[in-house]
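For reference, the structure is listed below as structure tokens.
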Amino acid sequence: MESFNSGSQRQSWMQRLLWPFAPIRLMYLAFVIIILEKLIYLQSNIHLPNIDMNDLDKVTAVGSIVLASFWVIWLPKRGRIIALIVLDLLLSFLIFADLVYFRYFQDFITIPVLMQAGQVESLGGSIRELLSANDLWLFADLLVLAVVGIVLLVLRIRRGRSHSTLTRSASTYRSGMMSSRKRLTLGFTKGAMLFVLGCVMTFGPIKYATSTWATGLFVGNWWNMSLYNVTGLLGFHGYDIYRYADDHFGNGNQLSAAQTDEIKQWFDAKQKGRAKAGDDKLFGAYKDSNVIVVQGEAFMNFVIGKSFNGQEITPNINRLMKESMYFSQYYHQTGQGRTSDADIGSNASLHPLPTGSVFTRYADHQYDTLPNILSKQGYDSYVFHAYEPSFWNRSVMYQNMGYKKFFSKNDFTIDEPLGWSLGDKSFFRQSIEKMSTLQQPFYSFMITLSSHHPYTLPPEVQELDMGDLSGTTFGDYIQALHYVDAALGEMESELKEKGLWDKTILVFYGDHDNSLKDKAPMEEFLGKSLSDLDMEQLMNQVPMLIHLPDGAHAGTYDIPAGQLDMTPSLLHLLGVNASPYYLMGNDMFNQKEKKLVVLRTGAFSDGDIFYIPSADGVFEHGTAYDLKTRQTTDIERARAGFEEAQKRLNISDELITGDLIREFHNEQAQASTK
Ligand code: GP9
Ligand code: MN
């Protein structure tokens with residue numbers, strides 16, 4: 001006869017063998033596999049270049065599912081089942097919501113999106129078109145579970161309570177064999193092991209990616225889709241929560257009263273000095289004109305007016321300059337946020353951040369933007385850019401900036417595929433077509449794309465003979481700018497055709513440099529050797545042209561200026577008092593204002609000197625140049641400018657990260673109701 005003891009030993013041996021097959025564990029395994037399949041389904045609906053799901057991505061995905069669910073192990077048996085079903089429901093809904101949102105915005109839902117009323121609603125009527133019958137698969141398992149659940153419930157009610165009493169007594173007997181303390185410790189250990197496994201599977205591949213091909217991913221984090229490509233969907237949402245919390249509640253954002261006062265004082269002085277009606281003839285001379293601003297991708301200033309091998313690079317701009325105001329010392333003030341930095345600098349007159357992009361990090365903060373200010377003057381504002389609406393978080397940010405509509409790639413017919421997207425010629429033609437039906441006055445902001453790195457346009461589009469520079473990235477860059485210049489020429493004709501030309505202030509400027517820091521091709525192109533100061537200026541200067549409706553005030557203006565100055569200067573021409581707004585830039589038409597242009601690196605110029613900071617940020621380690629002699633000069637001449645430049649950059653950062661414009665406007669509103 002078998003002893004009680006040997007029977008129980010065999011039972012525990014059997015139990016160990018069958019451990020993975022216990023219904024609850026199988027259920028957990030099924031949960032992980034099902035969610036993984038749903039994530040794979042989402043990925044199969046994402047058609048973006050270079051964004052895929054390889055085996056390593058699947059490891060990350062499983063890891064993140066485990067991290068989202070390991071804690072269910074700590075619940076009592078019935079609780080575990082319920083928790084897994086609820087988690088399945090929540091995650092399925094998240095995947096479904098992201099999928100629908102992606103089909104429209106080519107982006108995923110983030111915390112700022114949820115905080116920003118209107119973004120999700122703007123899907124509005126199109127939501128039905130964004131659904132696919134196949135999406136039902138995302139909920140198929142839950143449907144089956146619901147049916148099984150109902151059947152079990154009915155059976156249970158029919159059988160009465162006798163069976164359940166029996167089951168309970170058996171399970172009570174089994175569990176009685178292990179002390180409750182031991183059970184608790186074992187449960188905790190299993191959960192902790194799962195947590196560790198989840199961490200290794202999630203963060204291992206992410207660490208590998210960020211230390212090999214995706215370095216800097218979490219520094220610039222310019223595009224949610226690039227983050228997703230490495231972290232997977234659940235990892236992306238985890239990071240999004242962390243990013244939001246850190247940016248909004250992290251320690252770095254607490255300002256002392258003294259700091260806030262310093263900012264207020266700086267603006268008080270700035271606002272007092274703003275030009276007003278009656279100050280000069282230009283103030284309000286173009287009141288109620290339409291405004292069209294074209295931001296040219298990587299369009300640098302050194303090509304303006306230049307020829308190579310006897311060919312004019314920018315014949316249309318050169319011609320347009322004869323009836324435009326041309327600012328020859330205009331600097332881009334961008335940082336890591338590239339195109340988006342030029343955009344916020346120009347349209348909100350604030351310095352971009354030292355890391356990342358305002359567009360992705362603080363899309364829910366308040367800014368005094370050109371569209372917002374002009375809306376109070378009866379303008380409607382529109383933004384045109386034929387690329388994915390989610391890139392640089394634009395669809396979220398543009399709503400916040402006060403645009404009535406963002407015409408993205410989805411609104412253009414790709415009838416001239418070129419580079420990243422639509423060729424600028426067609427982009428301009430279709431944009432002007434749309435503009436011609438708008439109510440006037442309007443503000444239209446257009447962002448070109450054809451001259452984006454790596455600049456290789458198809459041979460039939462390349463018109464110049466670049467000689468030795470042919471086939472080099474630099475040569476391709478010049479070809480691309482020549483194409484954009486031709487597109488601008490065509491746009492001018494289209495504006496004239498639509499009767500908009502003489503009712504519109506047309507602005508053209510470049511967003512940033514071309515990232516080609518090699519001096520040799522630049523020297524060959526310009527036919528002269530270049531000093532450090534030459535290079536620093538060349539790499540930071542972009543063209544700035546303002547064509548007034550009547551073509552008046554044409555000429556070259558050599559005041560030091562930059563992208564932050566665009567909004568205050570346009571307000572001057574339109575006769576809008578800029579003093580209620582928090583704009584950091586100078587008004588290029590305000591003769592009384594002392595001009596200082598500050599770059600994101602801390603470099604600056606006041607027109608007399610140019611200061612280049614050293615990498616360690618120590619003032620004395622930097623270099624000051626005299627702009628007349630173009631030689632180095634006594635560093636002390638730059639001290640006051642250096643301090644002011646640092647102050648401006650700090651004030652701008654604090655204003656943005658602390659959402660201070662909202663706070664200041666609220667205070668003003670309260671004070672005026674008292
Ligand atoms: C694309 C454009 C890219 O939308 O913003 O330009 P980049 O930011 O890479 O200069
Ligand atoms: Mn750009």
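Looking at region 327-345, which of the residues that are within 21 Å of Asp606 (Cβ to Cβ) and buried (at least 24 other Cβ atoms within 10 Å of the Cβ) is farthest from ligand 1 (Cβ to nearest atom)?
Phe327
Just to be sure I understand, how many residues within region 557-609 are open to solvent by less than 20 Å² (accessible area, probe 1.4 Å) and of a type in the set (Phe, Trp, Tyr)?
Residues meeting the conditions: 3.
Within region 212-273, which helices (runs of 4 or more DSSP H) (wholly inside it) include 3 or more residues that are free of Cβ contacts under 8 Å to residues at least 12 places away in the same chain and within 16 Å of ligand 2 (Cβ to nearest atom)?
none
Here's the yes/no breakdown for (1) open to solvent by less than 10 Å² (accessible area, probe 1.4 Å); (2) among the acidic types (Asp, Glu); (3) within 16 Å of ligand 2 (Cβ to nearest atom):
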site	(1), (2), (3)
Asn347	yes, no, yes
Thr369	yes, no, no
Gln377	no, no, no
Ser381	yes, no, no
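Residue check, His453 against (1) surrounded by fewer than 19 Cβ atoms within 10 Å (Cβ to Cβ); (2) more than 16 Å from ligand 2 (Cβ to nearest atom); (3) touching a residue at least 60 places away in the same chain (Cβ under 8 Å), all met but one. Which one?
Single failed check for His453: (2).
Scan region 363-396 for residues that are among the aromatic types (Phe, Trp, Tyr), out of contact with any Lys or Arg (no Cβ under 7 Å at 6 or more places or on another chain) and assigned to a loop (DSSP other than H, G, I, E, B) and jot them down.
Listed by number, the residues that qualify are Tyr367, Tyr379.
Matching residues to (1) assigned to a helix (DSSP H, G or I); (2) modelled with pLDDT of 70 or more; (3) open to solvent by 90 Å² or more (accessible area, probe 1.4 Å):
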residue: Ile127; (1), (2), (3): yes, yes, no
residue: Ile157; (1), (2), (3): yes, yes, yes
residue: Leu166; (1), (2), (3): yes, no, yes
residue: Ser169; (1), (2), (3): yes, no, no
residue: Tyr173; (1), (2), (3): yes, no, yes
residue: Phe188; (1), (2), (3): yes, yes, yes
residue: Gly191; (1), (2), (3): yes, yes, no
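Can you tell me which of Asp485, Asp511, Asp532 is open to solvent by less than 10 Å² (accessible area, probe 1.4 Å) and either among the aliphatic types (A, V, I, L, M) or away from ligand 2 (no atom under 16 Å from the Cβ) (or both)?
Only one candidate passes the filter, namely Asp485.
For region 83-121, which residues satisfy the criterion of being modelled with pLDDT under 75 and more than 19 Å from the chain's Cα centre (by Cα)? Full working, then the answer.
Just the residues of region 83-121 that are modelled with pLDDT under 75, to begin with: 104-105, 112-113, 115-121.
Glu121, the sole residue that qualifies.
With the structure loaded, tell me whether Gly475 is part of a loop (DSSP other than H, G, I, E, B) and more than 16 Å from ligand 1 (Cβ to nearest atom) or whether it fails that test.
no
Looking at region 431-444, can you tell me whether even one residue there is within 16 Å of ligand 2 (Cβ to nearest atom) and either part of a loop (DSSP other than H, G, I, E, B) or surrounded by fewer than 17 Cβ atoms within 10 Å (Cβ to Cβ) (or both)?
no
In region 480-501, what count of residues is obtained for those that are free of Cβ contacts under 8 Å to residues at least 40 places away in the same chain and either hydroxyl-bearing (Ser, Thr, Tyr) or touching a strand residue (DSSP E or B) at 6+ places or on another chain (Cβ under 7 Å) (or both)?
1
Being open to solvent by 10 Å² or more (accessible area, probe 1.4 Å), more than 26 Å from Leu495 (Cα to Cα) and in contact with a Phe, Trp or Tyr (Cβ under 8 Å, 6 or more places away or on another chain) is the requirement here; does Thr632 meet it?
Criteria met by Thr632.
I'm checking my understanding of the structure. Among residues of region 488-507 that are under 28 Å from the mean Cα position of the chain (by Cα) and open to solvent by 10 Å² or more (accessible area, probe 1.4 Å), which one is nearest to Val303 (Cα to Cα)?
Going through the qualifying residues, I end up with Leu488.
Quick test for you: out of Thr334, Thr360, Thr339, pick the one residue that is part of a helix (DSSP H, G or I) and either within 13 Å of ligand 2 (Cβ to nearest atom) or aliphatic (A, V, I, L, M) (or both).
Only one candidate passes the filter, namely Thr339.
Taking the conditions exactly as written (within 16 Å of ligand 2 (Cβ to nearest atom), crowded, with 21+ Cβ neighbours inside 10 Å, hydrophobic (A, V, I, L, M, F, W, C) and outside any helix (DSSP H, G or I)), does Phe427 satisfy them or not?
Against the criterion (within 16 Å of ligand 2 (Cβ to nearest atom), crowded, with 21+ Cβ neighbours inside 10 Å, hydrophobic (A, V, I, L, M, F, W, C) and outside any helix (DSSP H, G or I)), Phe427 does not qualify.
Using the structure shown, decide if Ser421 is away from ligand 2 (no atom under 16 Å from the Cβ), at negative phi and among the hydroxyl-bearing types (Ser, Thr, Tyr).
Here the answer is no, as Ser421 does not meet what is asked.
Quick check on region 402-418. Is at least one of its residues closer than 20 Å to His248 by Cβ, touching a Phe, Trp or Tyr at 6+ places or on another chain (Cβ under 7 Å) and not in a strand (DSSP E or B)?
Scanning region 402-418, I find no residue that is closer than 20 Å to His248 by Cβ, touching a Phe, Trp or Tyr at 6+ places or on another chain (Cβ under 7 Å) and not in a strand (DSSP E or B), so the answer is no.
Can you say whether Gln271 is more than 16 Å from ligand 1 (Cβ to nearest atom), touching a Ser or Thr at 6+ places or on another chain (Cβ under 6 Å) and either closer than 30 Å to Phe218 by Cβ or open to solvent by 10 Å² or more (accessible area, probe 1.4 Å) (or both), as far as the supplied structure shows?
yes
Before we move on, is Ser307 touching an Asp or Glu at 6+ places or on another chain (Cβ under 6 Å) and surrounded by fewer than 21 Cβ atoms within 10 Å (Cβ to Cβ)?
So Ser307 fails the test.
The values are calculated or read from the model by the stated rules, or taken from the named source; none is laboratory data. For clarity, every value in this text was computed on a predicted model and none was experimentally measured. Note that we place each Cβ from the backbone using ideal geometry, even for glycine, and neighbour counts take in every protein chain shown. Protein only, heavy atoms only, side chains kept; ligands, DNA and RNA dropped before computing areas. Shrake-Rupley method; radii C 1.70, N 1.55, O 1.52, S 1.80 Å.
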